[in-house]
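Only the coordinates and a few stated rules stand behind these numbers; no lab work does. In this text the structure is predicted, and so the values were computed from the model without any measurement. Every residue, glycine as well, gets a Cβ built from its backbone with ideal geometry; the counts of neighbours run over all protein chains shown.
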C-alpha cells in the first residue's frame, strides 16, 4: 500500500491504486475490464483479501467466551475491527458500533426496536422520494403495524431534496426521519447536518442510510449529529454480508433486543432471560467474524489513502465523466444536483437500459441497469429504469472514455 499512500496534499494516483485490486486485471469478452458498477458493490484490494485469508488460516475460531488461544486471537481481531469502525465514523464509544449483515439489516433493526417502542397510531415517519427500497419498506411495515403514516419529501427535477417541504412536514407527530446520505440513483449528497438541525429540536430521531456515502466522502457522526447511521462493508471495498449500525449509546441502551440467541444473553433460565450489554445485545449468534476483520482492513486501506483525497479525485473525475457523457447524442442524465457523488444515471434515446448494459458488457464495460431498488424514484423521474455508471477511487479518465466509446457502439447497433 505504500505505493499509493503519501501526504494527503498529493493528488490520488488512480493507476497505482488499481494495482492493489487483483480483479481489475482481468479481461471480459477479450476486452480489459472497465468496472463502473461500484454503487452496487466495490472491488476488494489485496489488503482486504489478505486480512480475510489470514483470519481463516491463522485465527479461525468463534469469538467471545472461548478460553483457548485461537478464540482469544479471533476475539481480539473482531473487537479491534469494532474500534476501527468507531474511529472511521468518529463515534464517541465503540459500544455504539453494532455489526450487522448490511445497511438493510441495520435499518430494519432500528425500525423493529426503536420504531416499535416509540411509534404509535397517528404518528408520522418522514422519508424522501429518493430512498432505496431498504429505507422505505421497513418503515411501511412499521406504519402498517402501528397505524402510523409515512410522509415523503419530494425532490426537484435536478434531484435535490425540497428542504422547504421537508421542514413543512415536521410536526409534533413526527417521530423518525429516515434519509439517504447519498442517493444511489442520482448521486445527490443530502445536507444531513441541516436535516438533523431541523429535526432534533422537535425530539425527532434521524436515521441515515450511509451505504453510498462512506466510500466517497468523510463521515463524522458526531459532527452530523444523527441518531443512527448505517452502511455496508461491500460498498466500501470490504466483504459482503457485513455492515454497521451506529447508534447513540443512550438510544441503543434503551432499545429492546432485536433477535434472540447465543451471544446476546446475560443469563437464561426457563423462567427469565437477561440480556448482554452493548453492543452484544444486538449481535445474536455467531457473527461474520471474517467479514468484520475484512471490513476493518478496508477502512484502514481507505484511511491510509485519505478519504478527502478520494473525494477530491472523484469530484474531478465525475466532472470529466459528466462532460463526456453530455456529448453523447441522445443521452440524458438523471440527477444533476450541484452536490453529487460519483453516480451517473442515464437513458440513451429509446434503447432499453438492459440492452445498453448488455452491449456495454460485450465491450468489457460493467454498469448497472434497472430501477436500482428505487421504483418510487423512477416513477418521479418518469422512466421505468436507467443505466448507471458509478465511479470509485480506482477508476480513471480512460475508463470514462471506454464507456463513451461503448455507448457509441450501442448507438450503432440500434441505428
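Tabulated data
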item	result
Contact order relative to length of the stretch 26-104, as percent, for alpha carbon pairs under 8 angstrom and 6 or more apart	13 percent
Pairwise Cα inverse-distance average, inverted: Kirkwood Rh of the stretch 142-261 (Å)	15.7 Å
Hydrodynamic radius by Kirkwood, which averages 1/r over all alpha carbon pairs of the stretch 312-352, in angstrom	10.9 Å
FRET efficiency, 1/(1 + (r/R0)^6) with R0 41 Å, evaluated for residue 120 and residue 272 via beta carbons	0.90
Shape category assigned to the stretch 87-181 from the gyration tensor of Cα positions, a/c cut at 1.5	oblate
Scattering profile of the stretch 69-117 at q = 0.13 Å⁻¹ [log10 I(q)/I(0), Debye over alpha-carbon scatterers]	-0.41
Ranking of 280, 229 by count of other Cβ atoms within 10 Å, fewest first	280, 229
Inter-part distance where the stretch 265-315 and the stretch 70-114 are each reduced to a Cα centre, Å	3 Å
For q = 0.15, 0.17 Å⁻¹, Debye-computed log10 I/I(0) when each Cα of the stretch 212-322 counts as one equal scatterer	-0.80, -0.95
Computed helical MRE - 222 nm, the chain, DSSP H runs ≥ 4 contributing -39500 (n - 2.57), nearest 500	-11000 deg cm²/dmol
Ordering of 374-382, 287-295, 176-184 by burial proxy (mean other Cβ atoms within 10 Å per residue, highest first)	176-184, 287-295, 374-382
Most mobile listed residue (153, 383, 208) in the chain, GNM with C-alpha springs under 10 Å	383
Sites residue 168 and residue 11 - FRET efficiency at Förster radius 51 Å, r taken between beta-carbons, to 0.05	0.75
When the convex hull of its Cα atoms is projected in every direction, mean area for the stretch 50-303 (nm²)	14.1 nm²
Volume in Å³ per residue [convex hull over Cα atoms, computed for the stretch 337-393]	100 Å³
Cα-only Debye scattering, the stretch 1-118: base-10 log of I(q)/I(0) at q = 0.14, 0.20, 0.23 Å⁻¹	-0.95, -1.26, -1.30
Rel. contact order, % - alpha carbon contacts under 8 angstrom, at least six apart, the stretch 50-303	24 percent
From the C-alpha gyration tensor of the stretch 277-352, square roots of 5λ in Å	38, 19, 11
